[in-house]
Ligand code: UDP
Ligand code: MG
């Protein structure tokens, strides 16, 4: 009998799946009536479904950060392309242009764009501080809960933004573009391949393209990661080591239409020095003894073994006057002690400067 009743209720109200969602679209009154006519367990089920739905499409507002340095010809076409690409996106957005001390007419054009459309904002530097500084400042001004960065030179395609967001909705904290088919000069492409290879090996992160201008971040990532110098190339590495999840999607890339690139060949030398900085500042900054202590101890022990061997020889009657190995042993012992002491000092510094806010808390109960 109970079962029969239940079936009846089901035919009256529909099951918890499709029909309920269709009813949602009818008038509020109707919706409330139907909602309370449903058995309690179905109402609960709908509640869970709604929550799941919310978790899947979490983002409410998109912020686009665009660093620019002398890109006057590209700015108007870029603005139009962004508007067109985001029309289909059912989500509010803002664009933050960061003028990195341009000396051409870029700032004037940016100001005009921002005056005509309130969704566009700008920050302008007094001098050229570099792309990382521009990004960091842009991140400080965002109000959305998801942040996309892109270059101003029309090489990145705004039509990829919905794809980035789709990937983010799978639960990633950072989604990076991969310029699989890249339109840049030959030397740049090859050196970039090498650079990506080394970064992949050293960081252990399986991305093909670390330095793509087009990336999407959950707001939490941009709030917590400090990017300075030229570390913008390593955003995925910095994010990964802070515990954020990182993914990659293939994006279209265009040749530069106007102006010229702002990064010469020197970028690659600087890039590798930066890689060492990144590895130190993420892996070892909180535990210097793991690095200095390890190499210090290693050097000390090898030095000790070398000199121990020489000492045994000396006891057996061989003079030490013509044994160059003695110097090597001594050097290794001294260097070992020094490295160890640097590690200890570093450890003491870390201990005395530790603040709780350096740890990123994901959730609290
Ligand atoms: N950029 C910047 N400050 C700089 C150098 C570059 O804001 O000091 C901007 C530049 O205007 C562009 C983006 O960073 O929007 C990428 O620069 P570029 O296209 O020269 O790099 P490439 O594509 O050659 O790697
Ligand atoms: Mg470019």
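The values are calculated or read from the model by the stated rules, or taken from the named source; none is laboratory data. All figures in this text were calculated on a predicted structure; none of them were measured in a lab. With ideal geometry, Cβ positions are generated from the backbone for all residues, glycine too; neighbour counts draw on all protein chains shown.
Tabulated data for the structure shown
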item	result
Counted residues, the range 211-225 - those being surrounded by 24 or more Cβ atoms within 10 Å (Cβ to Cβ) and assigned to a loop (DSSP other than H, G, I, E, B)	2
Lone qualifier among 64, 113 - being under 21 Å from the mean Cα position of the chain (by Cα) and either part of a strand (DSSP E or B) or in contact (Cβ under 8 Å) with a residue 12 or more places away in the chain (or both)	64
Residue check for residue 228: away from ligand 1 (no atom under 14 Å from the Cβ), in the same structural domain as residue 159 (by TED's automatic domain parsing), under 21 Å from residue 140 (Cα atoms) and not in a helix (DSSP H, G or I)	no
Flag if residue 163 is out of contact with any strand residue (DSSP E or B) (no Cβ under 9 Å at 6 or more places or on another chain) and assigned by TED's automatic domain parsing to the domain that holds residue 176	no
Test: residue in the range 147-168 that is within 16 Å of the chain's Cα centre (by Cα), away from ligand 1 (no atom under 16 Å from the Cβ) and part of a loop (DSSP other than H, G, I, E, B)	no
Cross-chain or 6+ apart pairs with Cβ under 7 Å, the range 331-350 first and outside the structural domain of residue 305 (by TED's automatic domain parsing), then part of a helix (DSSP H, G or I) and modelled with pLDDT under 90	none
Qualifying residue in the range 254-264 (condition: more than 16 Å from ligand 1 (Cβ to nearest atom), loosely packed, with under 15 Cβ neighbours inside 10 Å and either outside any strand (DSSP E or B) or within 18 Å of the chain's Cα centre (by Cα) (or both))	no
Condition check for residue 189: at pLDDT 90 or above and either assigned by TED's automatic domain parsing to the domain that holds residue 270 or in a helix (DSSP H, G or I) (or both)	no
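Here is a yes/no grid of residues against (1) away from ligand 2 (no atom under 16 Å from the Cβ); (2) touching a strand residue (DSSP E or B) at 6+ places or on another chain (Cβ under 8 Å):
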site: 95; (1), (2): yes, yes
site: 103; (1), (2): yes, no
site: 112; (1), (2): yes, no
site: 116; (1), (2): yes, no
site: 132; (1), (2): no, no
site: 140; (1), (2): yes, no
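So that you can scan it fast, the table gives a plain yes or no per residue for (1) assigned to a helix (DSSP H, G or I); (2) loosely packed, with under 15 Cβ neighbours inside 10 Å:
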site: 312; (1), (2): yes, yes
site: 319; (1), (2): no, yes
site: 331; (1), (2): yes, yes
site: 336; (1), (2): yes, no
site: 339; (1), (2): yes, no
site: 345; (1), (2): yes, yes
site: 361; (1), (2): no, yes
